[in-house]
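Okay, structure first, notes after.
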Amino acid sequence: MDFSKRFKVSKAPEERDKKVDKRMFHGLERGEITVTQALRNIKDYDKSISDINQENSTENIALILQELNQLIGLERVKTLVKEAEAYIEIQRRRQFYNLINEPLVLHMIFTGNPGTGKTTVARILGELFKAMKVIPKGHLVEVERADLVGEYIGHTAQRTREQIKKAIGGILFVDEAYSLARGGQKDFGKEAIDTMVKAMEDYKTEFVLILAGYPREMAHFLSVNPGLKSRFPIHLDFPDYCQEELLEIAELMLKNRQYRMSEEATLFLKGVLYEKDRRKNFSNARFVRNLIEQSIRRQALRLVKKKETTREELMLIAREDIRLEELEEVEEELTFEKLFGDW
Amino acid sequence: MRNCLVIGKTNVGKTLFVINFAAYLGIKKIRFTLVDSLGRQHFREYTPELARKYLTGGKPHHTRCLQNVTIKFSVGKGQKKLILTDSTGLKDGIHPKEEIRKAMAQTLGALVEADLIMHMVDISQMADLGQENFFTLELIDRQIMDFGRERSSYLLLINKIDLLQSHISREKIKQQFSGIPLFLVSSVTGEGFPEVKSYVWNFV
C-alpha cells in the first residue's frame, strides 16, 4: 500500500504536520498488516509530507536568491545573505544533536544615498527570511518619523508600540531614521527610539528592525545615542552606483519590460550618467528608473502618431526618447519640497 | 508542554522506566492518565511501590493502553510541563488478540505525534557474540530508529544495563551507535537516570 499517494489530501501543510490519519492504523487493528508494515507506512507518509514542505521552501529560497542576484552591484549584501543562509542551516543541524543554538538577532542598519536599493533589499530580505523560517510572516512594515512620533507626551510610545506589533513576525523598516534624533531635547523622536530599543530586547527573535538613512545623517544619529549602534549586529553600507552599474540597471529595467535601447540611445544615456555622477542630490537607481519610465512614455507618444508599427519599433527606445530637461525640473522641485518638509 | 513517548518492543522495561524515572524526579504519588483506544481517559493514582506491583510484570503486553504521567518542574521563575507517555510494547507479526492490535495501533499513533521519542531496547536480547557488530537490532527497532532520526528529536535508551556482563565493554556499544543520542540505563537500579534527566530538561 502506498500511503504517500493515498493521503496527499488537500489540507494545509501546517495542519497536516501533526495530525495523524487514523485510517493508517485500521489495517493493523483488523489484523491485516504486521507492525513492521504499519511502521513502513507511517514512514512513507511522514516522508511525503516533509518532501512537500521542503521542496517548497528550497524552491522559494532559490527563487528569492535569484531575485537578489539580479540586482546590480550590492556585493556586500549578497555576501551577507550567503552568511546568514549558512548560519541558519548550521543552527538547524546543531538542533538535531540538541546542541545549544542561539537565536538569530538580525537587526540591521542600512546607510546609503537615495536610490541605492535600501528598501528593495529590505523587501527581498523579508521574503528570504520567511522562506528560511527565521521569521514566520516576512512582511515589511515601512514607517517613517510621522508614523512613530505622536502629538502629545506619551502618545509616541503608544504609536511606536503599535507599529512594532504590526511588524511582529516580519520586518520593521524605519526609513530616514535619523529624523528621530532631530529636534533637540524636547522632541518626541527620542521617546520613539527608546521604545524601539526596548522592543528590540523584548522581541529579539520575533522581528527584524532595520534602520535606514543617508550616510552622513545616520552617522550623526548613531553618535547621539551611544547604545544604539551596538544593538545592531549588521551594518550595511549601500555605495553609490558607478556609471557602468547604472547603465546596466537601465538595460535590465528595459529588458524586464521587453524594451531595448538603440546604440545611439545607449551612448547618450552613458553621457548623461557620466555628467550626473558628479552632481549633488543625485538619486542613483531611482533617477535611472524615472528616466526610463519617462522615455517609455515618450516612445509611446512618438509611435502613436504612426498608423502601423512593427514589433521591432515597439521594442526600441531611440535617442530622441531620452530627454533630460523636464526630469530635472521635477527633481529640483522635489528636493525643494523635501527641504521644506524637514522644517 | 512537551510530549515524550517511551516506545519499544515488549518486555524491555518501558513501564518500569517511567515509574522509576518519575520516582527519581521526586514524585511521591504518580498520577497516571490512561487513554484507551477509543480515546477515553481514566485517572489512577499510585505510589511508586504500588505502581511497580500493579503495572509491571514479566509477561509481555502488560500495558495495554497509553499511560501518561505529567511531570511539572520549575525553570527559573516559571513552571514547565512534561508529559511522559508509556506505551504498549510492539511486537512484529499479527497479534491474535484484537485488544492488543488496537493498543499497538494506538502506540504508533502516539509515535507520530510525539515531540521526543525515547526508544527503549533491551541489551540482554541484543548481544550477539558471534558477530563483529556485537549488538544487532531487530527490524522493528531499526524501523523505529530510522523514523525517529528523521524527526529531529530521538534518543536511544539501552535498558537492563545491570545485566550486562563485564566483558562486553560499554564503550563498544557507544562506538557502534555513534552519532545517535544514546543512554545506558537500568530501569531497576536507576543507573543512567541523571544523564537522561539533563537531556530531557534541555529538550523541554
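Observations, loosely collected:
- Gain in span if fully extended, residue A:223 to residue A:105, counting 0.36 nm per residue against the direct Cα distance: 40.3 nm
- Label-point separation, residue A:79 to residue B:172 (7 Å along Cα→Cβ), nm: 5.3 nm
- Given charges at Cβ of Lys, Arg, Asp, Glu: the range A:73-238 dipole, positive-most of A:79, A:193, A:115: A:79
- For the residues of B:103-111, the average number of beta carbons from a partner chain within 10 Å of their own beta carbon is 5.
- For the residues B:61, B:42, B:119, a GNM of chain B with alpha-carbon springs under 10 Å puts the largest fluctuation on B:42.
- When peptides B:196-202, B:97-103 are ranked by their average number of other Cβ atoms within 10 Å per residue, the highest-first order is B:97-103, B:196-202.
- Modelled spin-label separation between residue A:216 and residue A:242, with each label point placed 7 Å from Cα along the Cα-to-Cβ direction: 2.4 nm.
- Percentage relative contact order, chain B, counting C-alpha pairs under 8 Å, at least six apart: 25 percent
- Dividing the mean sequence gap of close Cα pairs (under 8 Å, 6+ apart) by how many residues the range A:73-238 holds gives a relative contact order of 32 percent.
- By the combined test of axial Cα extent (at least 30 Å) and Kyte-Doolittle hydropathy (mean at least 1.0), none of the DSSP H helices of chain B qualifies.
- Per residue, the average separation of C-alpha pairs within less than 8 Å and at least 6 apart gives the range B:1-109 a relative contact order of 34 percent.
- Stretchable slack from residue A:302 to residue A:202, in nm (0.36 nm times residue separation minus alpha-carbon distance): 30.2 nm
- Annotation: the antiparallel percentage among DSSP beta bridges lying fully within the protein assembly as shown is about 35.
- Sequentially through the range A:261-267, phi angles give Karplus couplings (6.51, -1.76, 1.60; θ = phi - 60°) of 8, 6, 4, 4, 4, 4, 4 Hz, Gly and Pro residues having no value and appearing as x.
- For the range B:2-203, with +1 on Lys and Arg beta carbons and -1 on Asp and Glu, the positive-most of B:196, B:24, B:103 along the dipole: B:24
- Between residue B:54 and residue B:31, the simple label model (points 7 Å from Cα in the Cβ direction) yields a spacing of 1.6 nm.
- Partner chain coverage, peptide A:29-41 - average Cβ within 10 angstrom: 6
- Overall, the protein assembly as shown carries a charge dipole of about 2540 debye about its Cα centre when +1 sits on the Cβ of Lys and Arg and -1 on the Cβ of Asp and Glu, all other atoms neutral.
- Taking amide H as placed 1.01 Å from N in the peptide plane, the amide H of residue A:261 sits under 5 Å from that of A:317, each at least 5 places away or on another chain.
- Helical mean residue ellipticity (222 nm; -39500 (n - 2.57) per DSSP H run of 4+; nearest 500) of chain B: -10000 deg cm²/dmol
- Spatially close Lys pairs in the range A:73-238, defined by Cα atoms under 18 Å apart and a spacing of eight or more places or different chains, total 20.
- Mean per-residue shielding of peptide A:119-131 is 0, counting Cβ atoms of other chains within 10 Å of each Cβ.
- Size-normalised alpha-carbon gyration radius of chain B, reference 2.2 N^0.38 Å: 0.99
- The range A:73-238: antiparallel DSSP beta bridges as a percent of all, rounded to 5: 0 percent
- Across the range A:124-138, coupling constants 3J(HN,Hα) worked out from phi with the 6.51/-1.76/1.60 Karplus curve, θ = phi - 60°, read 5, 4, x, 5, 5, 5, 5, 5, 7, 6, 7, 10, x, 9, x Hz, and Gly and Pro carry x.
- Cα-centred dipole magnitude for the range A:73-238, charges only on beta-carbon of K, R (+1) and D, E (-1), debye, nearest 20: 360 debye
- Size of electric dipole in the range B:2-203: Cβ of Lys, Arg +1 and of Asp, Glu -1, about Cα centre, debye, nearest 20: 860 debye
Readers should treat all values here as calculations from the given coordinates under stated rules, not as data from a laboratory. Everything quoted here is computed from the prediction, not taken from an experiment. Because the Cβ atoms are built from the backbone with ideal geometry, glycine has one as well, and the counts that use them run over all protein chains shown.
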